[in-house]
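The values are calculated or read from the model by the stated rules, or taken from the named source; none is laboratory data. None of these values were measured; they are calculated from a predicted model. Positions of Cβ are generated from backbone atoms using ideal geometry, with glycine treated the same way; all protein chains shown enter the neighbour counts.
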Amino acid sequence: MTAADRAADLAASAGGRPAWDGAAHRSASAADWTEAGQGEAAQQRALVVRSPGDVRLVSRKPAVRAAGQLLVEPDLVGLCGTDLEIIDGLIDPGYIRYPVALGHEWTGIVVGDSPLTGRRVVVEGIIGCGHCARCSAGQTNLCDIYDEIGFTRDGAAVGQIAVPAAQVHPLDPGVAADDAVLTEPAAVVYRGLTRAGVTPGCRALVIGDGTIALLAVMLLRLWSPAQIAMLGRRTGQADLAAAAGATSFRTSPAAGGFDLVVEAAGAAQAAATALAAARRGGTVLLLGLPPHGETVALAPDDAVNNDLTILGSFGYTSAAWRDVVTLLNSGQFRPGALITHRYPVADWEQAIANLRGSGSPRGKVLLRIR
């Protein structure tokens, strides 16, 4: 059976959702780790969600590089609302495998025997099979076999991680780690914006005031819109919004009529607000990811009569990732200013508590891995 046949069989057995090919890889099993501080000196720390609600900093065996892989030592890992959903067991079961080390937003340094040794890199987390129809069309985010670092395989909140060499993107020496660590969420936003067909001079509204919303504001500026309004929940986020490039910041809805509305709050009610804020003929881009199963009311006649374009955008494509790396290397995009909190990995509980809280200003929360 060819890889393409195997992908098709797996996708069919998953009822149309992307399948997970457990034979292709595995996360570290419980046998591979002990509680941090109890292992041998050669072992490395990893922040692992063993099952929903069970998060531990453990010691585990060092990563082993297989053929076609590179070994990377992560130094910064970003935390986001999706990590909370992984911890709480709120992710669609088709997109997660426990136990799993956290860390889908990250950067690090290549180690071992490689021409890239010593280089700072970022690594595409969505790992396409390269054979299915979607991958062949460049839609790597829709691969029939869903596989992603930090979801179906261990993330980068570890001492070392072995990754497919084809997923590794070296950065120019002038790119700071603080900017690099935001590549993954930036690629998510960038892919959505390019799909929405942003035009110069448009009026845009971004709903949300977290990192994804702030990145949406920053990246929208590449298209020279006439207005980038921001609708958030926390008044303390106003300065971060202004620094990102928002022309206004509110915590209560104002008049609508926007050409483009970007929902980046990850809440069902925010999606409803987005639908009401778009002008006739406008576009609503859904980037936020509410907990699995939450729904929002939709009046189909209004969507039709208002000639709305409603777009969902999942993850990023390899092309979007490459474009963000190009923006970083050229100096056109420097998102590191959005980082507001840093914690050593040993203080992960404080980092998670901060992320759960409503305090502001709060942009990106980071873990320092080494």
A166 being farther than 30 Å from S360 by Cα, of a type outside the set (D, E, K, R) and in a helix (DSSP H, G or I): yes
Unique match (being among the small types (G, A, S), farther than 18 Å from D178 by Cβ and surrounded by fewer than 20 Cβ atoms within 10 Å (Cβ to Cβ)) among A320, A303: A303
Selected residue (criterion: nearest to F314 (Cα to Cα)) from residues of region 239-284 that are touching a residue at least 60 places away in the same chain (Cβ under 8 Å) and β-branched (V, I, T): V262
Region 194-217, residues that are under 22 Å from R334 (Cβ atoms) and touching a Phe, Trp or Tyr at 6+ places or on another chain (Cβ under 7 Å): V198, P200, A204
Unique match (being surrounded by fewer than 22 Cβ atoms within 10 Å (Cβ to Cβ) and over 21 Å from G150 (Cβ atoms)) among A176, A204: A176
Residue count, region 129-161 (criterion: more than 23 Å from P185 (Cβ to Cβ) and aliphatic (A, V, I, L, M)): 3
Hits in region 250-269 - residues which are closer than 19 Å to G201 by Cα and surrounded by 12 or more Cβ atoms within 10 Å (Cβ to Cβ): G256, G257, F258, D259, L260, V261, V262
Qualifying residues in region 263-279 (those that are under 12 Å from D209 (Cβ atoms) and hydrophobic (A, V, I, L, M, F, W, C)) - the one modelled with the lowest pLDDT: A267
Subset of region 46-74 (residues that are more than 20 Å from A162 (Cβ to Cβ) and either of a type in the set (A, V, I, L, M) or not assigned by TED's automatic domain parsing to the domain that holds Y95 (or both)): V55, L57
Condition broken by I339, with the remaining ones in (1) free of Cβ contacts under 8 Å to residues at least 24 places away in the same chain; (2) surrounded by 14 or more Cβ atoms within 10 Å (Cβ to Cβ) satisfied: (1)
Check on L76, hydrophobic (A, V, I, L, M, F, W, C) and either surrounded by 18 or more Cβ atoms within 10 Å (Cβ to Cβ) or modelled with pLDDT under 95 (or both): yes
Flag if R233 is of a type in the set (K, R), surrounded by fewer than 24 Cβ atoms within 10 Å (Cβ to Cβ) and outside any loop (DSSP other than H, G, I, E, B): no
Residue list for region 120-139, restricted to those being surrounded by fewer than 17 Cβ atoms within 10 Å (Cβ to Cβ) and in a loop (DSSP other than H, G, I, E, B): G130, A137, G138, Q139
Matching residues, region 149-159, being touching a residue at least 60 places away in the same chain (Cβ under 8 Å) and either over 20 Å from L79 (Cβ atoms) or part of a strand (DSSP E or B) (or both): R153, V158
Filter result for D113 (among the charged types (D, E, K, R), assigned to a loop (DSSP other than H, G, I, E, B), in contact (Cβ under 8 Å) with a residue 12 or more places away in the chain and over 30 Å from G53 (Cβ atoms)): no
Any chance D239 is under 23 Å from the mean Cα position of the chain (by Cα) and either closer than 23 Å to R342 by Cβ or surrounded by fewer than 21 Cβ atoms within 10 Å (Cβ to Cβ) (or both): no
Selected residue (criterion: farthest from E349 (Cα to Cα)) from residues of region 79-89 that are surrounded by fewer than 18 Cβ atoms within 10 Å (Cβ to Cβ) and over 15 Å from the mean Cα position of the chain (by Cα): G89
Count - residues of region 118-148 that are free of Cβ contacts under 8 Å to residues at least 40 places away in the same chain and touching a Gly at 6+ places or on another chain (Cβ under 9 Å): 3
